[in-house]
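Reviewing the structure listed below.
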Amino acid sequence: MTHEQFMKNLEVPKGVADCVLDTDTYNEIDDQFALSMMVKSPKLNVKAFLAAPFFNSNSTSPEDGMVRSYDEILNLLTLMGREDLKKIVYEGSRTYLKDEKTPVESPAADRLIELASEYSPEKPLYVVAIGAITNVASALIKKPEIKENIVVVWLGGHSEQWFDTCEFNMMQDVAAARVVMGCGCPLVQLPCMGVVSAFYVSGPELEYWLKGQNPLCDYLCSHTVEAAEQYAKGRVWSRVIWDVTAVAWLLNDGDRFMFSEVVPAPIPQYDHHYSHDVRRHPMRRVTFIHRDALMNELFESLRR
């Protein structure tokens with residue numbers, strides 16, 4: 001790929017974009033918002049949903065987290081009346097990478113390789129990742145040449161100004177983050193704390209804008225409020241739904257929803273900080289979210 005084409009692929013796509021969503025959907029509620037927005041956007045043509053592993057209080061292991069995420073993708077498609085899309089949902093990695101050279105075998109990684117092989121630098125496949133990036137890293141390890149045909153949009157890590165990189169997606173699989181951020185593919189990073197952490201919603205907003213609109217809106221509204229009441233009962237609360245911002249990057253024509261900059265790709269370290277080398281290939285990093293503009297777009301799409 002020429003440098004000119006590489007830099008072009010770091011820009012917001014024009015027209016309808018073919019995309020894949022790699023998601024730990026059962027981890028927390030923001031994945032459900034992001035997936036729903038992607039399905040409902042007329043500017044996005046979804047080619048596959050890849051279930052990503054995760055391990056926290058909502059799962060018993062990374063494998064269990066992936067399986068629960070797979071089932072939740074199917075559940076959301078049912079709520080949206082999109083039974084036709086269930087055939088493009090794939091189970092992902094059941095473990096994290098053991099090192100930076102050994103892929104984790106999965107239907108998701110294999111399908112990503114197949115899809116990416118159908119694209120080109122001039123017409124890339126956009127891989128939106130909102131979980132541990134194991135599936136994508138495994139595909140890149142197995143077939144490095146697909147890096148020419150994809151643009152990875154990853155919500156992972158924190159901002160450069162934050163004191164560490166102990167962000168859920170990055171810290172689960174640092175090896176995978178190092179593979180993706182070091183392989184030389186066009187990459188857009190959406191850092192969490194200090195950037196997309198500004199994208200949050202409150203209970204009254206959800207109930208005013210979404211409640212009663214359709215089964216999907218009722219599901220997203222009730223689950224978000226119920227989860228918040230478990231940890232903030234009787235107190236003021238807001239809930240980050242930052243995974244939405246990764247999908248919104250593909251819709252960010254004219255910088256409607258966010259600002260960004262091009263920088264040398266940092267190097268995630270295993271002790272949870274970034275190292276830097278100015279000779280590294282460029283990537284795009286989002287620096288600011290227009291919260292209200294993006295929230296309006298999200299609510300409008302969910303009510304469709």
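The values are calculated or read from the model by the stated rules, or taken from the named source; none is laboratory data. The model shown is predicted, which means the values in this text are computed figures rather than measured ones. No Cβ is skipped: glycine too gets one built from the backbone with ideal geometry, and neighbour counts run over all protein chains shown.
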- Message: Just to be sure I understand the filter: pairs with C-beta atoms under 7 Å, separated by 6 or more residues or on different chains, first member in region 76-91 and in contact (Cβ under 8 Å) with a residue 24 or more places away in the chain and on the phi < 0 side of the Ramachandran plot, second member assigned to a helix (DSSP H, G or I) and charged (D, E, K, R). Which pairs pass?
- Response: LEU77/GLU83; LEU77/LYS86; TYR90/ARG111
- Task: Under 6 Å between Cβ atoms, at least 6 apart or on separate chains: pull out the pairs that start in region 22-40 with a residue that is more than 21 Å from ARG303 (Cα to Cα) and end on any residue that is hydroxyl-bearing (Ser, Thr, Tyr) and part of a helix (DSSP H, G or I).
- Result: ASP24/SER69; TYR26/SER69
- Note on the structure: Note on region 131-161: residues assigned to a helix (DSSP H, G or I) and either free of Cβ contacts under 8 Å to residues at least 12 places away in the same chain or crowded, with 24+ Cβ neighbours inside 10 Å (or both) are THR134, ASN135, VAL136, ALA137, SER138, ALA139, LEU140, GLU145
- Task: Can you work out which of the residues in region 254-283 that are surrounded by 12 or more Cβ atoms within 10 Å (Cβ to Cβ) and either at pLDDT below 95 or among the polar types (S, T, N, Q) (or both) is farthest from ASN27 (Cα to Cα)?
- Result: SER260
- Look through region 162-190, keep the residues that are in a loop (DSSP other than H, G, I, E, B) and not hydrophobic (A, V, I, L, M, F, W, C), and return whichever of them is farthest from ILE150 (Cα to Cα). ASP164
- Just wondering, is there one or more residues in region 213-229 that are among the acidic types (Asp, Glu), free of Cβ contacts under 8 Å to residues at least 12 places away in the same chain and either within 21 Å of VAL196 (Cβ to Cβ) or touching a Ser or Thr at 6+ places or on another chain (Cβ under 9 Å) (or both)? no
- Task: Take region 111-124 and flag every residue that is more than 19 Å from the chain's Cα centre (by Cα) and crowded, with 17+ Cβ neighbours inside 10 Å.
- Result: TYR119, PRO121
